[in-house]
Amino acid sequence: MSNRTLSLDERLYDYLLSVSVRETDVQKQLRAETAADPMAVMQISPEQAQFMAFLVTLTGARRALEIGVYTGYSALAVAMALPDDGELVACDISEHWTAIAGKYWKLAGVENKIVLRLAPALQTLDQLLAQGQQESFDFVFIDADKTSYTAYYERALRLLRPGGLVLVDNVLWSGAVADPAVSDQDTVAIREFNRQVKDDPRVVLSMLPVGDGLTLLLKKQAGW
Ligand code: SAM
Ligand code: CA
């Protein structure tokens with residue numbers, strides 16, 4: 001028994017997957033195709049995707065926003081969990097990677113729920129705000145360029161309804177955030193982001209050692 005989060009060796013991780021992950025064939029195929037890409041490590045793990053889908057279901061989210069799509073695995077899990085009239089606005093700058101995403105969204109029959117915005121995400125978020133979409137989203141997943149995390153977070157909070165949920169990925173950054181000898185731009189940006197949200201009175205916070213570290217932030221609403 002342990003009251004500290006376990007570090008998972010291969011055997012225990014495989015066990016966790018075998019007794020909990022429920023992937024469709026399309027999800028498996030998308031992971032298999034992405035595995036051949038040199039940047040495949042960017043894809044979230046299947047148990048993280050399932051956890052995010054669980055949160056979408058739990059919160060009854062209808063409108064979701066994703067910042068950082070890559071080949072579309074996280075978006076696929078979220079879109080599958082949204083109701084039929086739900087919508088996921090998916091932001092990325094890569095035509096190449098999102099073309100792969102689009103293929104699998106279609107195969108899974110969720111392409112009608114996903115609106116892909118191919119542009120720098122800050123531009124897209126500012127457009128959404130300029131169009132008056134403040135407080136219209138229930139769920140936001142931040143997983144693009146790490147040096148923009150704080151800027152994405154600030155916009156995400158404005159786009160979220162009170163009580164809405166933001167998830168932020170890679171907050172433990174393979175452990176580099178806790179290593180004072182590491183000071184590259186991405187590590188410094190994630191460290192700064194983590195420091196800021198720790199004391200942010202606008203949100204309720206939980207950081208989980210899932211995948212590469214996942215922070216959950218609930219935008220406070222009246223009475224919280
Ligand atoms: N969520 C994805 C998944 O689980 O499969 C992984 C996303 S990957 C870590 C980061 C993505 O952010 C890449 O696809 C990259 O093209 C995109 N990206 C980088 N800079 C961006 C920017 N300024 N605006 C929008 N997307 C950006
Ligand atoms: Ca990530």
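The values are calculated or read from the model by the stated rules, or taken from the named source; none is laboratory data. This is a predicted model, so every value here is computed, not measured. Ideal geometry is used to build each Cβ from the backbone, glycine not excepted, and the neighbour counts take in all protein chains shown. Just the protein is used for accessible areas: all its heavy atoms, side chains included, with ligands, DNA and RNA removed. Shrake-Rupley method; radii C 1.70, N 1.55, O 1.52, S 1.80 Å.
Restricting attention to region 107-127, the residues that are outside any strand (DSSP E or B) and closer than 22 Å to Ala77 by Cβ total 10. Does Ser94 meet the test of being open to solvent by less than 40 Å² (accessible area, probe 1.4 Å), in contact (Cβ under 8 Å) with a residue 60 or more places away in the chain and not aromatic (Phe, Trp, Tyr)? Against the criterion (open to solvent by less than 40 Å² (accessible area, probe 1.4 Å), in contact (Cβ under 8 Å) with a residue 60 or more places away in the chain and not aromatic (Phe, Trp, Tyr)), Ser94 does not qualify.
Cβ-Cβ distances below 6 Å connect the following pairs, each with a first residue in region 13-30 that is hydrophobic (A, V, I, L, M, F, W, C), a second residue that is assigned to a helix (DSSP H, G or I), and a separation of six or more residues or different chains: Val21/Pro46; Val21/Glu47; Val21/Gln50; Val26/Tyr104; Val26/Leu107; Leu30/Tyr73; Leu30/Tyr104. Based on this model, can you work out whether Gln196 counts as of a type in the set (S, T, N, Q), more than 18 Å from Val78 (Cβ to Cβ), more than 15 Å from ligand 2 (Cβ to nearest atom) and in a helix (DSSP H, G or I)? Considered against the rule, which asks whether it is of a type in the set (S, T, N, Q), more than 18 Å from Val78 (Cβ to Cβ), more than 15 Å from ligand 2 (Cβ to nearest atom) and in a helix (DSSP H, G or I), Gln196 comes out as yes.
What are the residues in region 37-86 that are in a helix (DSSP H, G or I) and touching a Lys or Arg at 6+ places or on another chain (Cβ under 8 Å), if any? Full working, then the answer.
Just the residues of region 37-86 that are in a helix (DSSP H, G or I), to begin with: 40-42, 46-59, 73-81.
Within region 37-86, Pro46, Gln50, Tyr73, Ala79 meet the criteria.
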